[in-house]
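Contents: one structure, followed by commentary.
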Amino acid sequence: MNPDLAIIGGTGLYAFPGLENVRHESVATPFGATSGEIVSGMLAGKRVAFLARHGEAHTLAPHRVNYRANVWALHHLGARRMLGVNAVGGITAKMGPRTLAVPDQLIDYTHGRLDSFCDVERAKVEHIDFTEPYGAVLRAALLAAAERAGIAVVDGGCYGATQGPRLETRAEIARLRRDGCDLVGMTGMPEAALARELGVDYACLALVANWAAGCADETSISLPEIFANLATATAQVPPIVGALLAKE
Ligand code: HPA
């Protein structure tokens, strides 16, 4: 199919609005099953492949997502650009609830995830450069598209990838802040590194659902509020992607 863009949808984004001539397909991979069928279709005259990271009914917790299968399958279909859409918590002042951000750095705090295509018998070990974990070309295109669409997006920020599925403690978030993280999410890794292993131009569009633990006056995080904020932020994603594709 050679998609012009692959989109991996996170919490709250289980289907991509506006896709036309939609086709569902299962892709078998050497790494097991993907999170679900890949939905291909046309958007702004371009080919798009969409995959719901947690499954269409959100049945896969962050640590159970088969990131390798997902990234491999989209690459196998011909995708050379991937946009990961990720729900996150905001840590620093500019990252309040409902903010959209395109991070430029990450720190990986996850553990026990299968996080490399080299991690199989007899696979040749390749070391990737990951100094800049996100693709410069797609990041720039995304930021320019948001501007054309008239949607405010924060350019940059460090994404701390935690294991989940629980939210963090106040002390954990204080540590992430000291480490330089602006955002915290559970699914940014190993997706970004796997995309880099395959030479894919990968960017993250982070949607802030809540202040991370201890970053607001409240002593706890309200889950209904998370989902309401996320719905507001998610509604901004299709116009940005539409503006991205329409330009090309
Ligand atoms: N922490 C981790 N992941 C998240 C959060 C959070 O506060 N909010 C949405 N995803």
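Coordinate-derived values only; no laboratory data. In this text, all values refer to a predicted model and were calculated from it rather than measured experimentally. We place every Cβ from the backbone using ideal geometry, glycine too, and count neighbours over all the protein chains shown.
Estimated from helical segments only, the mean residue ellipticity of the chain at 222 nm is -7500 deg cm²/dmol, where each DSSP H run of four or more residues counts as -39500 (n - 2.57).
Within the listed set Ala146, Ala174, Ala203, the residue fluctuating most in the Gaussian network model of the chain (springs between alpha-carbon atoms under 10 angstrom) is Ala174. Of all DSSP beta bridges located in the chain, what percent are antiparallel, nearest 5? Percentage antiparallel, nearest 5: 30.
Give, as a single signed number, the net charge of other residues whose beta carbon lies under 9 Å from the beta carbon of Val200, with Lys and Arg counted +1 and Asp and Glu -1.
Details: positive: Arg80, Arg81, Arg196; negative: Glu197, Asp201.
Overall, the nearby charge balance is +1.
Between Thr219 and Ala171, the simple spin-label model (points 7 angstrom out along Cα→Cβ) gives 1.7 nm.
Evaluated at q = 0.10, 0.12, 0.15 Å⁻¹, a Debye calculation over the C-alpha positions of the chain (equal weights, vacuum) places log10 I(q)/I(0) at -0.43, -0.63, -1.02. For the chain, set up a GNM with springs between Cα atoms under 10 Å and report which of Lys124, Lys94, Lys46 has the largest fluctuation. With Cα springs under 10 Å in the chain, the top fluctuation among Lys124, Lys94, Lys46 is at Lys124. When the chain is treated as a GNM, springs tying every alpha-carbon pair under 10 Å, which of Thr169, Thr110, Thr11 comes out with the largest mean-square fluctuation? Largest GNM mean-square fluctuation: Thr169. Projecting the Cα positions of Cys118, Val88, Leu19 onto the charge dipole of the chain (unit charges on Cβ atoms of Lys, Arg, Asp and Glu, taken about the Cα centre) puts Leu19 furthest along the positive direction. Charge dipole of the chain (Cα centre as origin; +1 on each Lys and Arg Cβ, -1 on each Asp and Glu Cβ, all else neutral): 160 debye, rounded to the nearest 20. Within the shell of other residues whose beta carbon sits under 10 angstrom from the beta carbon of Thr92, the net charge comes to +1, with Lys and Arg scored +1 and Asp and Glu -1.
Evaluate the charge dipole of the range 121-248 about its Cα centre and quote only its size in Debye, nearest 20, assuming +1 on the Cβ of each Lys and Arg and -1 on the Cβ of each Asp and Glu.
Details: 11 positive and 17 negative charges, 10 e Å.
In debye, rounded to 20, the range 121-248 gives about 40.
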